[in-house]
Amino acid sequence: MPENVSAVPRKDLTPVDVSIMVVGIVLGIGIFKTPSLVARYAGDETVFVSLWLLGGLITVIGSVCYAELGSARPDAGGEYAFLREAYGSKVALLFAWARCTVIQPGAIAAAAFVMGDYANVVWPLGAPGPGIYALASVIVFTLVNHVGTTPGKLVQKAVEVIVVLSMLGIVISAFVARVPEPGAGTPQTTSWGGAGLAMMFILLTYGGWNEAAYLSGELQDARRNMARALVVGVLVVVAVSLAINFAYLHVLGLDGIRDSDAVGAAMMRVVAGDTGATVMSVVIVLSTLTTLNGLIITGARSYYALGRDVGALRSVGTWRRQGSTPANALLLQGAVSAVLVVFGAFTRAGFRTMVAYTSPVFWFFMLLVALSLYVFRRRETGGESHYRVPLYPVTPALFALSCLWVLCSSLLDAGRGSIVGVAVLLAGTPLLFLRAPRPR
């Protein structure tokens, strides 16, 4: 059946589908990368655990704010649609530029490279192995989702069930196995700047739940189900992440976490030797694949929303009826991500540099989204039937302040990578004067 520009997203996703998508996107690379970075900024075990708990609280607060936005105005454009309605087309277009050139393809490429690194341990292909695996994964999962939303959704469900069960098994084995008692961590001072950087990595680990906003246009009865789908997914993520961090502390201690760049493999090597480390590598490969697949699914909705509203990009904004998928948007996103993977195969920028590159841009727009709740509440005329964030106006204020804290930390302390990210964002400002999005 040929593409039909009048086709629109079908409401095929259940709350369980969205919750699984949230878990799959979030439980990916972060929990195996960032704990060692957080530990280096934490003064002791209590501060380490407290920072993770605070990050979980911020994440839950953010999820209920997004639940109100998504239930009140479900749209496949997600944050793009929120920003367009709250602040106008120019702000939305700048966000679309940032998401389509920095935030989403960079996240896809980063997840692909982490998967490639671990896949090359399980099945070595030599020095070019990580790049080969990364490029292949981007191509394969783009094509799977190009076939239709259902195949991508089924892949996400199947792999995520395996990943969550494997993670729970790993956590249980860490507490059951007889391991040497780790020594107390070396005390050190926790500065406000250090805590801010630690929180940047923690919220990155918990990050990705906001991608559910891009599925609101396909969620069945979004006004009733958005909050349940999003909050349940976030609570599962926070609980599993906290359990894994307690396992790290139990086996390695704070100093052991600080000294390891591959903390998951280091823990399983203590628990079960080299075999345990290999099993962990396989789990990480599967976990990063779910992150990659989820990012591809939700990211393409950004390209679709932009093409739907900008006449010059109309071909990108078509929704293919067969398979109910933004087919052209997926291909464009896959091409941009593949270029970044090829570029990264030669430059191999570090994980911290990638975080610094994306964080200021991401948290700037997250701050605007948080503040948009006040804009929409002022416009309400009464009688609206959708989920409402509890303890308004305090809850969105806490979320906005958290976004501002991480934004400032990433700008002041994250290094030159953050400057490059901001420069790429500013490079998109000429687009604002070319053509405004057509009225809807």
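If you take the charge dipole of segment 179-284 about its Cα centre, with +1 on Lys and Arg Cβ and -1 on Asp and Glu Cβ, which of Leu219, Val179, Asn245 is farthest toward its positive end?
Leu219
Hey, if you put +1 on the Cβ of every Lys and Arg and -1 on every Asp and Glu Cβ in the chain, which of Phe364, Cys100, Met21 ends up farthest toward the positive end of that dipole?
In the chain, that residue is Cys100.
Would you mind calculating the relative contact order of the chain from Cα pairs under 8 angstrom and at least 6 residues apart, reporting the percent as a whole number?
Once divided by the residue count of the chain, the mean separation gives 34 percent.
Hey, any idea what Rg/Rh is for the chain, computing Rh the Kirkwood way over Cα pairs?
0.96
Round to the nearest 0.05 the FRET efficiency obtained for Val16 and Tyr392 when R0 = 30 Å and r is the Cβ-Cβ distance.
Given R0 = 30 Å and the Cβ-Cβ separation, E is 0.60.
Could you sort the peptides 32-39, 19-26 by per-residue average Cβ neighbour count (10 Å cutoff), highest mean leading?
Top to bottom by mean Cβ count within 10 Å: 19-26, 32-39.
Let me know the charge dipole size of the chain about its Cα centre in debye, to the nearest 20, where only the beta-carbon of Lys, Arg (+1) and Asp, Glu (-1) is charged.
1300
From Cα pairs below 8 angstrom and at least 6 apart in sequence, can you work out the relative contact order of segment 291-342, rounded to a whole percent?
It comes to 31 percent, rounded to a whole number.
Return the Rg/Rh value of segment 190-303, two decimal places, where both radii are evaluated on C-alpha atoms and Rh is the Kirkwood radius.
Rounded to two decimals, Rg over Rh is 1.05.
Once you've got the GNM for the chain with C-alpha springs shorter than 10 Å, pick whichever of Thr59, Thr275, Thr14 has the biggest mean-square fluctuation.
Thr275
State the percentage of accessible surface on the chain attributable to carbon and sulfur atoms; use a 1.4 Å probe and exclude ligands, DNA and RNA.
69
Which residue fluctuates most in the GNM of the chain (Cα springs below 10 Å): Pro15, Pro105, Pro124?
Pro124
Where in the chain is the longest stretch that carries no GluC sites (Glu not before Pro) classed as loop by DSSP and with at most 16 other Cβ atoms within 10 Å?
4-379
Order the peptides 93-104, 125-136 from the highest to the lowest mean number of other Cβ atoms within 10 Å of their residues.
Averaged packing, sorted descending, gives the order 93-104, 125-136.
To the nearest 20 Debye, how big is the dipole of segment 190-342 about its Cα centre, given +1 on the beta carbon of each Lys and Arg and -1 on that of each Asp and Glu?
Dipole magnitude for segment 190-342 comes out near 700 debye.
Helix-only estimate, please: 222 nm mean residue ellipticity of the chain, summing -39500 (n - 2.57) across DSSP H runs of length 4 or more and dividing by its residues, to the nearest 500.
Using -39500 (n - 2.57) per qualifying helix, the result is -24500 deg cm²/dmol.
Which residue, Met200, Phe32, Leu398, has the largest displacement toward the positive end of the dipole of the chain when charges sit on each Cβ (Lys, Arg +1; Asp, Glu -1)?
Among Met200, Phe32, Leu398, the one farthest towards the positive end of the dipole of the chain is Leu398.
Go ahead and run the numbers for FRET between Arg379 and Ile172, Cβ-Cβ distance against an R0 of 51 Å, rounding to 0.05.
In this case the efficiency is close to 0.55.
Can you give the relative contact order of segment 89-153 as a percent, counting alpha carbon pairs under 8 Å and 6+ residues apart?
For segment 89-153, the relative contact order is 24 percent.
Take the chain, connect every pair of alpha-carbon atoms lying under 10 Å apart with a spring to form a Gaussian network, then pick out the residue of Arg223, Arg314, Arg178 with the largest mean-square fluctuation.
So, out of Arg223, Arg314, Arg178, the one fluctuating most is Arg178.
For the chain, what are the DSSP H helices with axial Cα length of 24 Å or more and mean Kyte-Doolittle hydropathy of at least -1.0?
Those that clear 24 Å and a mean of -1.0 are 45-72, 104-122, 129-147, 149-176, 222-258, 263-309, 327-347, 351-379, 394-413.
The values are calculated or read from the model by the stated rules, or taken from the named source; none is laboratory data. Everything numeric in this text was worked out from a predicted model, so none of it was measured. In this analysis, Cβ positions are derived from the backbone assuming ideal geometry, glycine residues included, and neighbour counts consider all displayed protein chains. Protein only, heavy atoms only, side chains kept; ligands, DNA and RNA dropped before computing areas. Shrake-Rupley method; radii C 1.70, N 1.55, O 1.52, S 1.80 Å.
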